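Asks: Attaching a single structure in structure tokens format; questions to follow.
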Amino acid sequence: MSHDLYFWSYIDEGTYPPGKEEEFAQHCVALADGSPRKEIALLPVEQMKAKVAEALEAAPDWTHDEGPFWLKGGAGVIEVYVSEFYARLSLRGAWDGDDANRLNDVMKPFACPLFDPQTGERFAL
């Protein structure tokens, strides 16, 4: 099973409260296509990567493979991609809700709410 989690922050987060799913989906597609929007805040890439790594190192069964990949007992993979505009965490294979929640918690201090493209929902911090 595969699931992508997207995180970004608006310069003025208050203008984009949860409930604007269509706008969130458009922003997600634009960011994934490499088209940043003027309303998107710049992210501290290296700090975010370090915090994700720290969280996964502390998690049971996850080990760092190569580059952006983390493995869970040979049955699960998390691919970590962080750019200056958004982060995408792709979970594949054997993962569970605790893994997704752990990654969501990592992004909260960066003021980056989760956007779930599978449901079209962007969650509040």
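The values are calculated or read from the model by the stated rules, or taken from the named source; none is laboratory data. Bear in mind that the values here come from a model prediction, so they are computed numbers and not experimental data. So basically every Cβ, Gly included, is an ideal-geometry build from the backbone, and we count neighbours across all protein chains shown. Accessible surface areas use protein heavy atoms only, side chains included; no ligands, DNA or RNA. Shrake-Rupley method; radii C 1.70, N 1.55, O 1.52, S 1.80 Å.
Asks: Taking the Cβ of residue 30 as the centre, find all other residues whose Cβ is under 12 Å away and add up their charges (Lys, Arg: +1; Asp, Glu: -1).
Replies: Every neighbour counted, the sum reads -1.
Asks: What helices does the chain have that are whole DSSP H segments, at least 15 Å long along their own axis by Cα, and with mean Kyte-Doolittle hydropathy of 0.0 or more? Each step should come with its number before you reach the end.
Replies: Numbers: long enough: 21-32 (16 Å, 0.12); 45-58 (20 Å, -0.04); 97-107 (16 Å, -0.97).
Helices meeting the criterion: 21-32.
Asks: Roughly to the nearest percent, how much of the accessible area of the range 1-105 is carbon and sulfur, given a 1.4 Å probe? Mind dumping the intermediate values first?
Replies: Values: 2830 of 5570 Å².
Carbon plus sulfur share of accessible area: 51 percent.
Asks: May I ask you to compute the full-extension gain from residue 11 to residue 124, defined as 0.36 nm times their residue separation minus their alpha-carbon distance, rounded to one decimal in nm? Display every interim value, and only then the final one.
Replies: Working: separation 113, 0.36 × 113 = 40.68 nm, distance 1.51 nm.
39.2 nm is the gain from fully extending residue 11 to residue 124.
Asks: Then there's this: Would you mind getting the accessible area per residue of the chain, heavy atoms of the protein chains only, 1.4 Å probe, in Å²?
Replies: Details: 6510 Å² over 125 residues.
Per-residue accessible area for the chain comes out at 52 Å².
Asks: Let me ask another. Along its three principal axes, how long is the chain when you only count alpha carbons? Whole Å, largest extent first please.
Replies: 41, 28, 25
Asks: Determine how large the accessible area of residue 84 is when every protein chain is in place; take a 1.4 Å probe and give Å² rounded to the nearest 10.
Replies: Approximately 100 Å² of residue 84 is accessible to the 1.4 Å probe.
Asks: For 64, 3, 27, give me the order by solvent-accessible area with a 1.4 Å probe, most accessible first, ignoring ligands, DNA and RNA. Provide the component values of the computation, followed by the final result.
Replies: Values: 64 100, 3 35, 27 5 Å².
Most to least solvent-accessible, the answer reads 64, 3, 27.
Asks: Between residue 65 and residue 25, what length comes free when the chain is fully extended (0.36 nm per residue of separation minus the Cα-Cα distance, one decimal in nm)? Please list the in-between numbers first.
Replies: Values: separation 40, 0.36 × 40 = 14.40 nm, distance 3.08 nm.
Stretched fully, the residue 65-residue 25 segment lengthens by 11.3 nm.
Asks: What does the charge count near residue 60 come to, summing +1 for each Lys or Arg and -1 for each Asp or Glu among other residues with Cβ under 13 Å from its Cβ? Don't skip to the answer; put the middle values down first.
Replies: Numbers: positive: 72, 102; negative: 57, 61, 96, 98, 99.
Here the count lands on -3.
Asks: For the chain, what is the calculated [θ] at 222 nm in deg cm²/dmol (nearest 500), taking -39500 (n - 2.57) for each run of four or more DSSP H residues and dividing by its residue count?
Replies: Values: 3 runs with 37 residues, N = 125.
Result for the chain: -9500 deg cm²/dmol, rounded to the nearest 500.
Asks: Would you kindly find the accessible area of residue 119, with a 1.4 Å probe and non-protein molecules such as ligands, DNA and RNA excluded, rounding to the nearest 10 Å²?
Replies: 90 Å²
Asks: To continue, here is another question. Note down the net charge around residue 74, summing +1 for each Lys or Arg and -1 for each Asp or Glu among other residues with Cβ under 12 Å from its Cβ. Let's see the in-between values first.
Replies: Details: positive: 72; negative: 61, 65.
Taking every other residue near residue 74 into account, the sum is -1.
Asks: Sorted by accessible area with a 1.4 angstrom probe, largest first, how do 110, 123 fall? Numbers along the way, then the final one.
Replies: Values: 110 45, 123 75 Å².
I get 123, 110, largest accessible area first.
Asks: For a quick check of understanding: with a 1.4 angstrom probe and all protein chains in place, what accessible area in square angstrom does residue 72 have, to the nearest ten?
Replies: 30 Å²
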